[in-house]
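Can you keep this structure in mind? I'll have questions shortly.
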Amino acid sequence: MDNAPFMLNCEGMLMAVLLGWVTATLGLWFASRVLDGVRLVSFADAVWAGALLGVLQAVLQGPIFVLLGIGTLGIGFLLWFITRWVAAALVIMLTSALSSRFDVRGFWPALITAFIVALTGSLVRWVL
């Protein structure tokens, strides 16, 4: 039995997870430097917060998106890009609540941080 396709798939998934972690870390770190409402003391704290954010996004962002879509009586599905952005901000606020190393003071800084993290991920993927 040949495991080569499985191994290639695992390597691709591992690279996607690591790339997501790096981009979340860089985005959070940059947001903490330019926004008053976002606090990270060190880059190591950004690495920790990036890992936590990645796990929470993988698990919760989809269900939050669906709940927001249903809660807005379908308008959230039509305006999916805004709903995804709000869902990402809510996950960032949850990450802040669960971590003593990462602090976001309010919804608006979380919303701007979500934009910065998404922009960082897009830029890194574009460069690669």
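Since every read-out is calculated from the coordinates, none of them should be taken as a lab result. Everything numeric in this text was worked out from a predicted model, so none of it was measured. Using ideal geometry, Cβ is built from the backbone for each residue, glycine included, and neighbour counts are taken over all protein chains shown.
Determine the relative contact order of the chain: mean sequence separation of Cα pairs under 8 Å and six or more apart, normalised by residue count, in whole percent.
33
Please get the size of the charge dipole for the chain, origin at its Cα centre, with Cβ charges of +1 on Lys and Arg and -1 on Asp and Glu, quoted in debye to the nearest 20.
Here the chain has a charge dipole of around 300 debye.
Sticking with this structure for a sec: Residue by residue through region 20-33, which ³J(HN,Hα) values in whole Hz follow from phi under the Karplus form 6.51 cos²θ - 1.76 cosθ + 1.60 (θ = phi - 60°), with glycine and proline marked x?
Result, rounded to whole Hz: x, 5, 5, 5, 5, 4, 5, x, 5, 4, 5, 4, 5, 7.
What number, rounded to the nearest 500 deg cm²/dmol, is the helix-based mean residue ellipticity at 222 nm of the chain, given -39500 (n - 2.57) per DSSP H run of at least four residues and division by all its residues?
When only DSSP H runs of four or more count, the value is -26000 deg cm²/dmol.
Can I ask one more? Which value does Rg/Rh take for the chain over its C-alpha atoms, Rh per Kirkwood?
1.03
Still on this structure: Testing the spin-label approximation: label points 7 Å from Cα along Cα→Cβ at Leu18 and Asp36. State their distance in nm.
Between Leu18 and Asp36, the label points sit 4.0 nm apart.
Calculate one ³J(HN,Hα) per residue across region 109-125 by plugging θ = phi - 60° into the Karplus curve 6.51 cos²θ - 1.76 cosθ + 1.60, and present them in order as whole Hz with x for glycine and proline.
Using θ = phi - 60°, the values come out as x, 5, 5, 5, 4, 4, 5, 5, 5, 5, 5, 4, x, 5, 5, 5, 5 Hz.
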